[in-house]
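Engineer: The structure that follows is given in the form of structure tokens.
The values are calculated or read from the model by the stated rules, or taken from the named source; none is laboratory data. Note that the structure is predicted; figures quoted are calculated from it, not measured. Don't worry about glycine lacking a Cβ; one is built from the backbone with ideal geometry, like all the others, and counts go over all protein chains shown.
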Amino acid sequence: MTERESHRAYPEIVRRMDTVLDAIAAICRVVTGISLVVLTVIFGWLVFGRYVLNATPTWVEQVALLLVMTIAFLGAAVGTHEHWHLSVTMMRTTASVRVRLILVVITDVMMAGFGALMLWYGAQLTMFKWGSMIPLIDLPEGLRSLPLTISGGLIMLFTLGHLVRLALGYDLRSDSIE
């Protein structure tokens, strides 16, 4: 039985919100996992091509850069959802319950704002660079900043979900409640 299942009964809105956010996080984990496998395979091909075939596949570096961006940014968004990314809690855990609640709200609002800025400026950058092509793989340059944009939107969404749970009294983060 998970922590969520053992907790008191949730209102329908919280259950639905959790279902949607958990599904989005699961999709992100699958995409990052597949990206990591593809990254490993193409670097294996790079090594094989360079040292066995004596013909280095030049496209690997460009594809690897796209994959690393995907892994890093989607991983950061999932970490925000699951409470293990960007979590410095020493000050919050030593504070009183009332101060801790205020610090949690401030942190969540700042994270949502940070996600919104990533979304906004990432979208601007993606649109600006979409017209030019990445050398060697002939894909739009805007793909490099697309993971930043998506991650910003997800960080904002996941953090707003935390704020909704907190406002309704169903926040399960151990450092924000007694």
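Engineer: Out of the residues in the range 42-101 that are of a type in the set (Phe, Trp, Tyr) and assigned to a helix (DSSP H, G or I), which is surrounded by the fewest Cβ atoms within 10 Å (Cβ to Cβ)?
Structural biologist: Ranking the candidates gives Tyr51 first.
Engineer: Give all pairs with beta carbons closer than 9 Å in which a residue from the range 40-57 that is farther than 24 Å from Ile71 by Cα meets a residue that is in a helix (DSSP H, G or I) and among the hydrophobic types (A, V, I, L, M, F, W, C); count only pairs at least 6 apart in sequence or on separate chains.
Structural biologist: If the second residue must be in a helix (DSSP H, G or I) and among the hydrophobic types (A, V, I, L, M, F, W, C), the pairs left are Gly49/Val60; Thr56/Leu46.
Engineer: In the range 29-41, which residues are polar (S, T, N, Q) and either outside any helix (DSSP H, G or I) or more than 30 Å from Thr159 (Cβ to Cβ) (or both)? Walk me through how you get there before you give the answer.
Structural biologist: Looking only at the range 29-41, we keep the residues that are polar (S, T, N, Q), and these are 32, 35, 40.
The one that is polar (S, T, N, Q) and either outside any helix (DSSP H, G or I) or more than 30 Å from Thr159 (Cβ to Cβ) (or both): Thr40.
Engineer: Another question about this same structure. Could you check, for the range 127-136, whether at least one of its residues is surrounded by fewer than 17 Cβ atoms within 10 Å (Cβ to Cβ), polar (S, T, N, Q) and in contact (Cβ under 8 Å) with a residue 24 or more places away in the chain?
Structural biologist: The answer is no, given that none of the residues of the range 127-136 is surrounded by fewer than 17 Cβ atoms within 10 Å (Cβ to Cβ), polar (S, T, N, Q) and in contact (Cβ under 8 Å) with a residue 24 or more places away in the chain.
Engineer: Let me ask you something else. Pick from the range 29-41 the residues that are closer than 20 Å to Trp84 by Cα and of a type outside the set (A, V, I, L, M): which of them is surrounded by the most Cβ atoms within 10 Å (Cβ to Cβ)?
Structural biologist: Thr32
Engineer: Please specify each residue of the range 6-28 satisfying the condition of being assigned to a helix (DSSP H, G or I), surrounded by 15 or more Cβ atoms within 10 Å (Cβ to Cβ) and not β-branched (Val, Ile, Thr).
Structural biologist: Met17, Asp18, Leu21, Ala25, Cys28
Conditions tested, residue by residue: (1) at pLDDT below 95; (2) charged (D, E, K, R); (3) more than 22 Å from Thr149 (Cα to Cα).
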{"site": "Met1", "(1), (2), (3)": "yes, no, yes"}
{"site": "Ser6", "(1), (2), (3)": "yes, no, yes"}
{"site": "Val14", "(1), (2), (3)": "yes, no, yes"}
{"site": "Thr19", "(1), (2), (3)": "yes, no, yes"}
{"site": "Ile24", "(1), (2), (3)": "no, no, no"}
{"site": "Arg29", "(1), (2), (3)": "no, yes, no"}
{"site": "Ser35", "(1), (2), (3)": "no, no, no"}
{"site": "Thr40", "(1), (2), (3)": "no, no, yes"}
{"site": "Phe43", "(1), (2), (3)": "yes, no, yes"}
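Engineer: So, in the range 137-157, of the ones that are among the hydroxyl-bearing types (Ser, Thr, Tyr) and assigned to a helix (DSSP H, G or I), which residue ends up surrounded by the most Cβ atoms within 10 Å (Cβ to Cβ)?
Structural biologist: Ranking the qualifying residues of the range 137-157, first place goes to Ser151.
Engineer: Within the range 7-33, which residues are farther than 17 Å from Ala77 by Cβ and among the acidic types (Asp, Glu)? Write out each step before concluding.
Structural biologist: Start the filter on the range 7-33 by keeping residues that are farther than 17 Å from Ala77 by Cβ, which leaves 7-16, 19.
Residue satisfying the conditions is Glu12 alone.
Engineer: Right, something else. Looking only at the range 90-112, count every residue that is within 17 Å of Leu163 (Cβ to Cβ) and touching a residue at least 40 places away in the same chain (Cβ under 8 Å) and tell me the total.
Structural biologist: 9
Engineer: While we're on this one: What residue, among those in the range 158-178 that are at pLDDT 90 or above and surrounded by 21 or more Cβ atoms within 10 Å (Cβ to Cβ), is farthest from Thr19 (Cα to Cα)?
Structural biologist: So the residue we want is Thr159.
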